[in-house]
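Below you'll find the structure, written out as structure tokens, and then a few comments.
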Amino acid sequence: MIRFLARRLAQAVVILLGVTVVTFALAFLIPADPARMIAGRAATVETVASIRHQLGLDQPIPVQYARYLGRLAQGDLGRSYAQKTEVVELIGSRLPATLLLLAGAIFCELAIGLPAGIFAATRRGRFADRAVMTLSFVGVSAPQFVVGLLLLYVFAYLLGLFPLSGYGGLEHLVLPALTLGLAGGGFYSRMTRASMVGVLGQDYIRTARAKGVAETGVVLRHGLRNAILPIVAMIGIDIGLFMSGAVVVESVFGWPGIGQLAWQAIQRVDIPIMMGVTLTAATAIVLGNVIADLATALIDPRIRLN
Amino acid sequence: MTTRTLLRAALLAGAALIGAFGTDVRAAGSMIVTYQSDVATLDPAVGYDWQNWSMIKSLFDGLIDYAPGTTEIVPDLAESYEISADGLTYTFKLRQGVTFHNGREMTAEDVKYSLERTINPATQSPGASYYDTIKGYEDVASGASTTLAGVTVVDPHTLTIELNRPDAPFLHKLALNFAFVVAKEAVEEHGADFGKNPVGTGAFKLAEWTLGQRVVFARNADYYIADRPKLDEVVFEIGQDPSVALLRLERGEVDLLGDGIPPARFVDVMGNADLAKQVVQGGQLHTGYVTLNTRVAPLDNVAVRQALNHAINKDRIVQIINGRAVPANQALPPAMPAYNTAETGYAYDPEKAKALLAEAGLADGFSTELYAMNTDPNPRIAQAIQQDLAAIGVTVEIKALDPSVVIEAGGTEGAAPMIWSGGMAWIADFPDPSNFYWAILGCGAAAPGGWNWSWYCNQDVDALAGQADAMTDPAQAQARLDAWTRVFSKVLADAPWIPIFNEERFTMHSTRIAGDSDAIFVDPVHIPVHYDVVFATDAQ
């Protein structure tokens, strides 16, 4: 198990290094000159050149990359061009909000997806099954900014059940977490259903029924336990998916997370923040996958032995 | 409509000046302003966007300011000033007993230090070059020196500034945030984080800054203008989507929409009497235009540029943005001094446009490219221009791109034949016609990285503009504005731009807040509002 973990973590470091190379290269493929964006429209050519020099942007790209890695090794992500603040501080102050949103969204998607999927699987081919699957299809396909604005309009503006935006208590979390979780919920209900349908057709389920186990026990203890493996793996991957979903949802709900930060940075060509957020998101994705691998390995010995 | 709006603004401004800013208003209460983006920095030497610009004005002061709601220059930290007959030496008498938020008294040394800091390249100020007429600018800007030879502290409350050449808009430049006075010890203490820990002399001081969530300004009880500010605090709520912010304003949760009325809801709001009465409309120092690159064939031919000017239906473009602007017929916006009210510009006349093209030997038209910013409504405006030009046989390919890419192409010689300026240019930094010439139409800006995207350079016009800016005697003020009117008439004849429209401002605020006049909600230099003079109606 230790060897398994060590191997996965070593792979993660290599992947993250790859991410730094790609994002660094992409940042320099943008045909905009950050020095000119900082200098503003009143600046002379000399001012722009001096800023470029101060930022080290006049150095060859490999030299700049080496410097970036050197600082990164010390936990320094640089200083934002537009906000003039340390990127570590900006991300650090916003990460808790994003993590809270992630936890809320995962809770929502499981709370929606698992019961719906089990329900549909046990009523395969019947009206209830088709209804749940149609709804899940809507959930998966609806764009998040539309769902978000709709939930906001109905539940916050018209009904006044939740605050219109902001951050703080549980009442602020419900709508954004639900917006992020709805698509996942739809996806999970389909996956749970498929997995359950497969498992419920197995011989040992028939044996359990033949033994006279109650139907709830058959479904939950014998069925769900065996069907849940692919779902656990998916949760890890979801952390990555939610990182991109968070950009939209955080903007709509005024949620002070790193998705909102990324959105602003892109608009201002604030490369240090863009790099920092990308790296943070990549770390979350990689860690999510490692955790998913670990969890499945713990549940299913066959995986860790291979 | 323009005239009426202007007239109304002028009347309101007049009313404001006639002592309406009195002491009968009780100074108490608070207001909530919403913004989507984080506040970038509150360092006056560095901050240069529409969000932090007026926030900084409430935390700091300069030698010169404007009367609220107007473009009229008034002394601020300076009690009085004198300009020498040759226009080269400015002597400022400073107010006594003005203190920074940390309690220390502000002196002439601080004024000098603040100017030097802005020009010092290590500060990376986007406004440094506005002060290039001060003696010794080159030495500081190049990093050779850190002290400005032209700025002399005569005594703690007297300061002289010597210029290399007469610079008529110099007082306007001193009213810019870049010349605002900062406390040296606070800059040294916080270094690069001064923008998060600002210490000035302004009406408000920074009380709280929670990254990504809120910024709170609290009253500066020691402010040197006795009846300001009129609120105990201003709360900026950050990260608010503009459409959500509007819903919150309708519910009475917030007081002012920092990002304005979202375009998708504009017609809806203006059509609803209850909501519309919470909106204040006014002009702003903005012109939206299409640059015609004078160094790219066939736009290098003035007849072709004039033809394109006749081809555009500006009324239709104004309709596209739901009437949030007025059609433009010249480079200067109507709210700018030296605007020529007698000018009619190039009328919409496709037949005349075709005839002019035929005279230029292009009866069959030609193909070219139009760059535009890629966010709504700019691509739709570009399409309208494309259709209008197609009607006279000119085939236009639209390049809708990220603004930074468009700006880069504009500043690269020969790269962009035409650019629609929407979303990028040009709003004046200060209310003087010179600010609409040198950076966007002058020969000096027709350079790599410059903002003269037409690459227009007429030496005669440049000379005339230079003469106008050398007229520093206050008695010549009107003659100077007349000279600027002539400059812009010549520019119009050369047709380096197609002026399209002048955006109007629509500031939406709750009935909880008010000013002595509505003019403070469309103040020409404070956007969205002059925070120092807003009062709370529920605290009265």
| task | Can you tell me which residue among B:Gly282, B:Gly323 is assigned to a loop (DSSP other than H, G, I, E, B), out of contact with any Ser or Thr (no Cβ under 6 Å at 6 or more places or on another chain) and under 27 Å from B:Gln36 (Cα atoms)? | result | B:Gly323
| remark: Filtering the stretch B:46-62 for residues that are within 16 Å of the chain's Cα centre (by Cα) and either within 14 Å of chain A (Cβ to nearest Cβ) or open to solvent by less than 10 Å² (accessible area, probe 1.4 Å) (or both) leaves a count of 11
| message | What's the number of the only condition in (1) open to solvent by less than 10 Å² (accessible area, probe 1.4 Å); (2) within 14 Å of another protein chain (Cβ to nearest Cβ) that B:Leu115 fails to meet? | response | (2)
| request: Starting from the stretch A:28-39, take each residue that is within 7 Å of chain B (Cβ to nearest Cβ) and list its partners that are of a type in the set (Asp, Glu), counting only C-beta distances under 6 angstrom and pairs at least six apart or across chains. | output: A:Pro31/B:Glu408; A:Ala32/B:Glu408
| Could you list, in sequence order, the residues of the stretch B:141-165 that are crowded, with 16+ Cβ neighbours inside 10 Å and at pLDDT 95 or above? | B:Leu148, B:Gly150, B:Val151, B:Thr152, B:Val153, B:His157, B:Leu159, B:Thr160, B:Ile161, B:Glu162, B:Leu163
| field | Per-region count, the stretch B:63-88, residues surrounded by 23 or more Cβ atoms within 10 Å (Cβ to Cβ) and in a loop (DSSP other than H, G, I, E, B) | value | 4
| request: Scan the stretch B:453-476 and give yes if some residue there is closer than 26 Å to B:Thr70 by Cβ, in the same structural domain as B:Leu332 (by TED's automatic domain parsing) and free of Cβ contacts under 8 Å to residues at least 12 places away in the same chain, otherwise no. | output: yes
| Among the residues of the stretch B:197-212, how many are farther than 16 Å from B:Ser54 by Cα and not in a loop (DSSP other than H, G, I, E, B)? | 4
| task | Working carefully through the options A:Leu17, A:Leu69, A:Leu110, find the one that is touching a residue at least 60 places away in the same chain (Cβ under 8 Å), out of contact with any Asp or Glu (no Cβ under 8 Å at 6 or more places or on another chain) and open to solvent by 40 Å² or more (accessible area, probe 1.4 Å). | result | A:Leu110
| task | Return yes when A:Thr47 is among the polar types (S, T, N, Q), open to solvent by less than 60 Å² (accessible area, probe 1.4 Å) and touching a residue at least 24 places away in the same chain (Cβ under 8 Å) and no when it is not. | result | no
| field | the stretch B:486-540: number of residues that are in a helix (DSSP H, G or I), open to solvent by less than 20 Å² (accessible area, probe 1.4 Å) and not aliphatic (A, V, I, L, M) | value | 4
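Rundown of residues vs (1) in a loop (DSSP other than H, G, I, E, B); (2) out of contact with any helix residue (DSSP H, G or I) (no Cβ under 9 Å at 6 or more places or on another chain); (3) open to solvent by 30 Å² or more (accessible area, probe 1.4 Å), yes/no style:
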residue	(1), (2), (3)
A:Ala131	no, no, yes
A:Leu135	no, no, yes
A:Phe145	no, no, yes
A:Gly148	no, no, no
A:Phe155	no, no, yes
A:Phe162	yes, no, yes
A:Gly168	yes, yes, yes
A:Glu171	no, yes, yes
A:Val174	no, no, yes
| request: Take the stretch B:122-136 and flag every residue that is in a helix (DSSP H, G or I) and over 20 Å from B:Gly191 (Cβ atoms). | output: B:Ser129, B:Tyr130, B:Tyr131
| Options A:Gly113, A:Gly104, A:Gly75, A:Gly92; residue that is assigned to a helix (DSSP H, G or I) and either more than 17 Å from A:Gly184 (Cβ to Cβ) or of a type in the set (S, T, N, Q) (or both) | A:Gly92
| task | Quick one: in the stretch B:221-242, of everything that is open to solvent by 40 Å² or more (accessible area, probe 1.4 Å) and among the small types (Gly, Ala, Ser), which residue is nearest to the other protein chains (Cβ to nearest Cβ)? | result | B:Ala221
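Any idea how many residues of the stretch B:447-469 are hydrophobic (A, V, I, L, M, F, W, C), within 14 Å of another protein chain (Cβ to nearest Cβ) and buried (at least 21 other Cβ atoms within 10 Å of the Cβ)?
2
A quick yes/no check of all residues on (1) small (Gly, Ala, Ser); (2) within 14 Å of chain A (Cβ to nearest Cβ):
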position	(1), (2)
B:Asn102	no, no
B:Asp110	no, no
B:Ser129	yes, yes
B:Val140	no, yes
B:Val153	no, no
B:Leu163	no, no
| Hits in the stretch A:176-220 - residues which are open to solvent by 70 Å² or more (accessible area, probe 1.4 Å) and not charged (D, E, K, R) | A:Phe187, A:Gln202, A:Tyr204, A:Thr207, A:Ala210, A:Thr216, A:Leu220
| field | The listed residue being surrounded by fewer than 15 Cβ atoms within 10 Å (Cβ to Cβ), touching a helix residue (DSSP H, G or I) at 6+ places or on another chain (Cβ under 9 Å) and in contact (Cβ under 8 Å) with a residue 40 or more places away in the chain, out of B:Thr368, B:Thr375, B:Thr395 | value | B:Thr375
| task | Identify the residue in the stretch B:291-337 that is in contact with a Lys or Arg (Cβ under 7 Å, 6 or more places away or on another chain) and open to solvent by 20 Å² or more (accessible area, probe 1.4 Å) and, among all such residues, is modelled with the lowest pLDDT. | result | B:Ile320
| query | Mind checking whether some residue in the stretch A:250-266 is more than 16 Å from the chain's Cα centre (by Cα), at pLDDT below 85, outside the structural domain of A:Gly40 (by TED's automatic domain parsing) and open to solvent by 10 Å² or more (accessible area, probe 1.4 Å)? | reply | yes
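The values are calculated or read from the model by the stated rules, or taken from the named source; none is laboratory data. From a predicted model like this one, the values you see are computed outputs, not experimental measurements. Every residue, glycine among them, receives a Cβ derived from its backbone with ideal geometry; neighbour counts consider all protein chains shown. Quick note on the areas: whole protein, heavy atoms, side chains included, nothing else; ligands and nucleic acids left out. Shrake-Rupley method; radii C 1.70, N 1.55, O 1.52, S 1.80 Å.
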